[in-house]
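Down below is the structure, laid out as structure tokens.
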Amino acid sequence: MMRKIALVALIASLFAACAPYNPSIMFKTKKDFEYDEIAADTVGEWKIAPNDIISFRLFTNNGFRLIDVTNENMQMMQQLNVGINYLVEYDGIVNLPIIGRVKIAGKTLREAELYLEELYEEVYIDPFIMLNVTNRRVTIFPGNDGSGLVVTLTNNNVTLLEALALAGGLREDGRAKRIKLIRGDLADPKVHLIDLSRIEGIKDGNIILQAGDIIYVEPVGATVRQVARELAPILGLVTSLITLYVVLDRLE
């Protein structure tokens, strides 16, 4: 009876040891998954998007402060000269002083500045506007060691290649051939597959990142060291069971 129990345990352990190693891979896609094409306009200049926080500065007379006799207007102009933060709402609209709600999502910073200057011309003489985005961040998973980084983009036009460099580059076990760029509404995101293993892929690596983008470098899978580490306890158990089986067999 003891020999049978040991034999069953040995067989079960061998099956466990032979089971395929399944590394923890995020954002898996099916083999027939259709990735979104990288549009030409996404490689160009960065554009304002919903949930961006805009630093808004307004000057008049092509850069000089407007001198007004009322204290209330003077206080407002001083605030606008220093800069005030405004949220671009989910529909791409921002609520700005005096002119109210205007849609600026989808415009570059320069396009938005020119557009707002036209609107403020109805109120001020030669308005001059400066915009900046203060909360642009992207999430980067550069390899298979489980680490992720949230990188704040201080410049307006940061490319995928630059963001990977800010994250320290690809990990040793990262696949340069399979880099997924996930963007947009996470309920129905756009997923782009980028190949940086060849020099021809550098044009896709030049894509301008948007706030909230996720960059995921697919890992190569289990390395020899990882497999050995996972199987070490099982191999130890198998060795013990084999020893027990031999001892019991000799006792009979």
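The values are calculated or read from the model by the stated rules, or taken from the named source; none is laboratory data. On a predicted model such as this, the values are computed, not experimentally measured, just so you know. Note that we place each Cβ from the backbone using ideal geometry, even for glycine, and neighbour counts take in every protein chain shown.
Data overview
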quantity	calculated
Of all residues in the stretch 93-133 being among the hydroxyl-bearing types (Ser, Thr, Tyr) and assigned to a helix (DSSP H, G or I), the one that is surrounded by the fewest Cβ atoms within 10 Å (Cβ to Cβ)	115
Condition check for residue 5: surrounded by fewer than 14 Cβ atoms within 10 Å (Cβ to Cβ) and at pLDDT below 60	yes
Failed criterion for residue 86 (all others in (1) hydroxyl-bearing (Ser, Thr, Tyr); (2) touching a residue at least 24 places away in the same chain (Cβ under 8 Å); (3) assigned by TED's automatic domain parsing to the domain that holds residue 210 hold)	(3)
In the stretch 134-146, residue surrounded by the fewest Cβ atoms within 10 Å (Cβ to Cβ) [restricted to those that are assigned to a strand (DSSP E or B) and touching an Asp or Glu at 6+ places or on another chain (Cβ under 8 Å)]	139
Tabulated pairs, the stretch 147-158, first under 18 Å from residue 132 (Cβ atoms) and in a loop (DSSP other than H, G, I, E, B), second at pLDDT 80 or above and of a type outside the set (Phe, Trp, Tyr), C-beta under 7 angstrom, 6+ apart or interchain	153/136; 153/137; 153/138; 153/209; 156/109; 157/208; 158/209
Single residue of the stretch 27-59 satisfying the filter (closer than 30 Å to residue 88 by Cα, in a loop (DSSP other than H, G, I, E, B) and hydrophobic (A, V, I, L, M, F, W, C)) that is modelled with the lowest pLDDT	43
